[in-house]
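Remarks on the structure that follows.
The values are calculated or read from the model by the stated rules, or taken from the named source; none is laboratory data. These figures come from a predicted structure and were not determined experimentally. Cβ coordinates were reconstructed from backbone atoms using ideal geometry, including for glycine residues, and neighbour counts include every protein chain displayed.
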Amino acid sequence: MARQVRRAFKYRFHPTGEQAAELSRTFGCVRLVYNKALEERTRAWNVERRRISYAQSSALLTQWKKTEELAFLAEVSCVPLQQALRHLQTAFTNFFAKRARYPRYKSRKRSRASADAGITSLVTLSTGEKVANPRQERRDRARLAKAQRELARKAPGSANRDKARRKVARVHARIADRRRDLLHKLSTRLVRENQTVVIEDLTVGNLLKNRTLARAISDAAWRELRSMLEYKCAWYGRELVVVDRWFPSSKLCAACGTICTKLPLDVREWTCECGAMHDRDVNAARNILAAGLAVTACGDGVRPQRDTSRTGHSSAKQETQRATAGIPHP
C-alpha cells in the first residue's frame with residue numbers, strides 16, 4: 001500500500017487596510033473566545049470539580065453570541081472561533097496526558113497573528129463599527145521615495161530638477177486627493193445619518209511625539225476630518241459636541257462606571273471588575289457618546305475624572321490611547 005504523503009503550503013499576502021482591520025478584529029475575537037473558554041473550564045473544575053468538554057464549550061460560545069456584550073462575536077466567521085476551542089481541547093488533552101503544562105491565557109503579544117505598528121482604525125463608532133485606516137501614504141511610499149531620490153540627484157536650477165520636483169508634487173497630490181476623498185465620504189455619511197455627532201478633542205501635536213506611530217497618525221488626518229465635521233454639521237443643521245481631551249474614555253467602564261487604574265496602549269481588550277469585557281476602542285466610543293449626550297441634554301460636564309500625568313499634561317502615549325476612540329450615535 002502506497003504511503004500517503006501530506007503536504008503543506010505557505011502563502012504570503014498583503015492585505016488592504018480594510019482587510020487588515022477585519023483580520024485584526026477576527027484575531028481579537030479568537031483570543032477572547034480562547035481565554036473565556038479557558039476561564040470557564042478552570043472555574044468549573046476549581047469550584048464544581050467538573051470537566052467541560054469541547055461540545056459544552058461550543059454550546060457556551062453560542063450562548064455568548066446571544067448576549068449584548070458579546071454580540072460582536074457573531075460578526076466574524078465562526079470557523080476560527082470554533083478552531084480556537086479545538087486548540088484549547090488539544091491543550092487540555094496534552095496536559096492530562098502529561099505532555100504539556102496547564103494551558104495559559106493568550107495575550108496580544110504572544111498571539112500567532114498580530115498587527116506590525118500603526119493605526120488600524122481611522123475612527124471607531126459607538127455602534128461598534130470600525131472604519132479602517134487605508135494608509136494612503138503607505139500605498140505610494142515606494143513611488144514617493146523614488147521620486148524624491150531622483151529630485152535629490154538633479155542639479156539645482158536645472159530644467160531636469162524642475163521636472164523632478166513636479167513629479168514629486170504629483171505623487172503628494174495623488175496621496176492627498178485619495179485621503180481627502182475618503183474623509184469627505186466618511187464625514188458626509190456621519191453627518192447625514194446622525195442628528196448629533198460627538199467627537200473627542202485630540203492634540204495631534206502631542207500624538208506625533210510618539211515616533212512609532214507618528215507617520216500613521218499624520219496619514220490618518222484626524223484634524224482634517226474634524227474640520228470637515230464642523231462645517232458639514234453647520235451646513236446640515238446638526239449638532240457637534242467635542243468631549244474634553246482629559247475625559248478617561250478608554251479606562252472608564254461603560255457598564256458600571258469604574259475606572260481602570262492602568263491600561264497600557266498594547267491592551268486592546270480588557271475586563272472590568274464588574275465582569276464586563278470591553279474592546280478598548282468601542283468602549284471609549286460609547287463613553288464619548290454618553291458624555292456628549294449628557295452635554296446636549298442637561299449641560300452636564302464631561303470631566304468627572306481628570307486623567308493626567310504628574311506634570312498636568314498628557315503624554316504622547318496617553319493621547320495615542322485615545323486616538324482611535326471616535327464618534328457618533330445611531
| message | What's the total number of residues in region 90-109 that are of a type in the set (A, V, I, L, M) and not in a loop (DSSP other than H, G, I, E, B)? | response | 1
| message | Being farther than 30 Å from Ala234 by Cβ, surrounded by 12 or more Cβ atoms within 10 Å (Cβ to Cβ) and in contact with a strand residue (DSSP E or B) (Cβ under 8 Å, 6 or more places away or on another chain) is true for just one of Thr196, Thr120. Which residue is that? | response | Thr120
| query | Out of curiosity, is Lys36 within 30 Å of Ala220 (Cβ to Cβ), in contact (Cβ under 8 Å) with a residue 24 or more places away in the chain and touching a Phe, Trp or Tyr at 6+ places or on another chain (Cβ under 9 Å)? | reply | no
| message | Can you tell me how many residues within region 58-89 are touching a residue at least 60 places away in the same chain (Cβ under 8 Å) and either polar (S, T, N, Q) or not in a loop (DSSP other than H, G, I, E, B) (or both)? | response | 1
| query | Taking interchain pairs and intrachain pairs at least six residues apart, which have beta carbon atoms under 8 angstrom, with the first residue in region 239-254 and in a loop (DSSP other than H, G, I, E, B) and the second of a type in the set (Lys, Arg) and surrounded by fewer than 19 Cβ atoms within 10 Å (Cβ to Cβ)? | reply | Asp244/Arg303; Trp246/Arg303; Trp246/Arg306; Phe247/Arg303
| note | Sole miss for Thr203 among (1) crowded, with 16+ Cβ neighbours inside 10 Å; (2) in contact with a Ser or Thr (Cβ under 9 Å, 6 or more places away or on another chain) is condition (1)
| task | Go through region 268-283 and give me each residue that's out of contact with any His (no Cβ under 9 Å at 6 or more places or on another chain) and surrounded by 15 or more Cβ atoms within 10 Å (Cβ to Cβ). | result | Arg268, Ala276, Met277, His278, Asp279, Arg280, Asp281, Val282, Asn283
| request: Could you check, for region 50-57, whether at least one of its residues is loosely packed, with under 11 Cβ neighbours inside 10 Å, at negative phi and modelled with pLDDT of 90 or more? | output: yes
| query | Under the condition of being of a type in the set (Val, Ile, Thr) and assigned to a helix (DSSP H, G or I), which residue from region 257-293 is nearest to Ala71 (Cα to Cα)? | reply | Val282
| Quick check: is even one residue across region 157-166 outside any helix (DSSP H, G or I) and surrounded by fewer than 13 Cβ atoms within 10 Å (Cβ to Cβ)? | yes
| task | Specify the residue that is farthest from Val295 (Cα to Cα); the eligible residues are those in region 218-249 that are polar (S, T, N, Q) and modelled with pLDDT of 85 or more. | result | Ser227
